[in-house]
Amino acid sequence: MAQLNLVVLLLAVPWLFTGAIVVVDGQHYTAYMPYCSNTDNYTMASAYQVNLVSLMSDLPQGAINNRGFYSSMAGEAPDQVFGLTMCYVDRNWTQCQDCVRAAAAGVQQTCPFSREMEACYDACVLRYSNVSFLSVADPTTALYMILRSSVVSDAPSMVAARQKLMSQLAAGAAAAESSPQLLGLANGSVGYTDSLGGQQVIYGLAQCTRDLNASECTRCLMKTISDLSSTFPNDTYGAVKAYSCYVVYSVGGNFLSISIPPPAPSPPPAPSPPPETTVSPAPTTSRNKKALLAGVLVASSLVSIIGIGTLVWFLQRQRHTRNALQKEQELYMFNEEPQVLDMLNDELFQGNVPRRFKYSELAFATRDFNDKEKLSEGGFGSVYRGYLKGMNLHVAIKRVSKSSWQGKKEYESEV
């Protein structure tokens, strides 16, 4: 194998180096052979530019949070913008983060007022367009990378081993598109024996943007592997970067170091609920048991006494209410019904009549019509023994029942 020359020659289609230098925070980043549309350009402060700026502010952090890849969109048609960015895993994580930030920040330097842009950088790729391109591969080759004056002594053996390896990696990367955890890439190595009998190992990497399905990833990789074979017939190192995929190989592993982006940190666990406080009863001794039993008995007695007292009070109140209602009805009968008084005046007390008494006087004389003073029960009501204190006279008083309206004549006869 010829001695390796560490000078890296960058060649871009059509084999002439062209690029745009982006300066971000004092650092220079080169977009190699960028594609910039030149028709229907957007204007300053237009809705498309506003959406583009919004999208470019989201892409870098989205890629950093998603292990080196992110796709998104901003705005609504006809000013909607679609975009994606991806890191190459043969660059370290710091280079990845710096690249996606610089690429997004420099799009208006790289392609001023273009509605569509595609650009490959050393550590990442970035694309945006006013037409959705997500899930559709663009196998257009943007960049070749070789090591000048670094060739193998036995090209046929190396080429055969390389073809075998890259075919395996293409299949692995396509299969990995079905699992977000596999990141749409595959890397590995194969050994071969050169014409001098020496044992050699060739290492390789195949990577697709993670918006593609397996068939689109395969289509892109087959194109770049074909370009790899025709461009690097006997080189110890070679790489082809397309806008949707990337392949690279190295005999002996020089200049090829795979750096898988770390998983995003897991969110902090939700705070645990406070432990339930359980109050355990103190050990119960015989003495405590007696005290507890006494307390229960006293409490039960108090509850019983209170309950009985409440019942007695309720019954007395109910009886008092009933008596008061009855009195009210009787007072109403004699004091509030003028026709009754007229009847008595007309038919019972004409001429020399005895003295008329108020109901309250009669109630006082009979001790509120107490049952102990009741002498008899008649058709119109009960007869009570009474004492008229002002006249010093014992009398019999008949209290008319409100439900015994048998007739005026009957009542007159009974009186």
For the stretch 226-249, the count of residues that are free of Cβ contacts under 8 Å to residues at least 60 places away in the same chain and closer than 12 Å to MET166 by Cβ equals 1
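One line per residue, one yes/no per condition, for (1) in the same structural domain as THR43 (by the TED database); (2) more than 24 Å from MET145 (Cβ to Cβ); (3) more than 31 Å from the chain's Cα centre (by Cα); (4) among the β-branched types (Val, Ile, Thr):
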residue	(1), (2), (3), (4)
GLU76	yes, yes, no, no
GLN80	yes, yes, no, no
LEU84	yes, no, no, no
ASP90	yes, no, yes, no
CYS96	yes, no, yes, no
ALA103	yes, no, yes, no
ALA119	yes, no, yes, no
CYS124	yes, no, yes, no
Taking into account only those residues within the stretch 70-126 that are acidic (Asp, Glu) and closer than 15 Å to LEU52 by Cα, which is surrounded by the fewest Cβ atoms within 10 Å (Cβ to Cβ)? GLU76
Is it the case, given these coordinates, that LEU126 is touching a Cys at 6+ places or on another chain (Cβ under 7 Å) and not in a helix (DSSP H, G or I)? no
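Table: residues versus (1) under 14 Å from LEU185 (Cβ atoms); (2) buried (at least 24 other Cβ atoms within 10 Å of the Cβ).
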| position | (1), (2) |
| --- | --- |
| VAL201 | no, no |
| CYS208 | yes, yes |
| ALA214 | yes, no |
| CYS220 | yes, yes |
| ILE225 | no, no |
| SER229 | no, no |
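Report, by residue number, each residue of the stretch 175-222 that is closer than 16 Å to PHE69 by Cα and either small (Gly, Ala, Ser) or part of a strand (DSSP E or B) (or both). Spell out how you get there, then give the answer.
Just the residues of the stretch 175-222 that are closer than 16 Å to PHE69 by Cα, to begin with: 176-186, 206-213, 217.
Answer for the stretch 175-222, where residues must be closer than 16 Å to PHE69 by Cα and either small (Gly, Ala, Ser) or part of a strand (DSSP E or B) (or both): ALA176, SER178, SER179, GLY184, LEU185, ALA186, ALA206, GLN207, CYS208.
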Could you grab the pairs with beta carbons closer than 9 Å, sequence gap of 6+ or different chains, first residue in the stretch 135-156 and assigned by the TED database to the domain that holds LYS223 and in a strand (DSSP E or B), second one at pLDDT below 85 and among the polar types (S, T, N, Q)? LEU147/ASN5; LEU147/ASN254
Tabulated pairs, the stretch 44-66, first in the same structural domain as THR94 (by the TED database), second modelled with pLDDT of 95 or more and among the basic types (Lys, Arg), C-beta under 8 angstrom, 6+ apart or interchain: TYR48/ARG115; PRO60/ARG101
Given the condition part of a helix (DSSP H, G or I) and within 28 Å of ASP98 (Cβ to Cβ), answer yes or no: does some residue in the stretch 162-170 qualify? yes
Can you tell me which residues in the stretch 140-171 are closer than 30 Å to MET73 by Cβ and either under 40 Å from the mean Cα position of the chain (by Cα) or small (Gly, Ala, Ser) (or both)? ALA142, ALA170
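The values are calculated or read from the model by the stated rules, or taken from the named source; none is laboratory data. Quick caveat, the model's predicted, so the values are computed rather than measured. Note: ideal-geometry Cβ built from the backbone for every residue, glycine included; neighbour counts use all protein chains shown.
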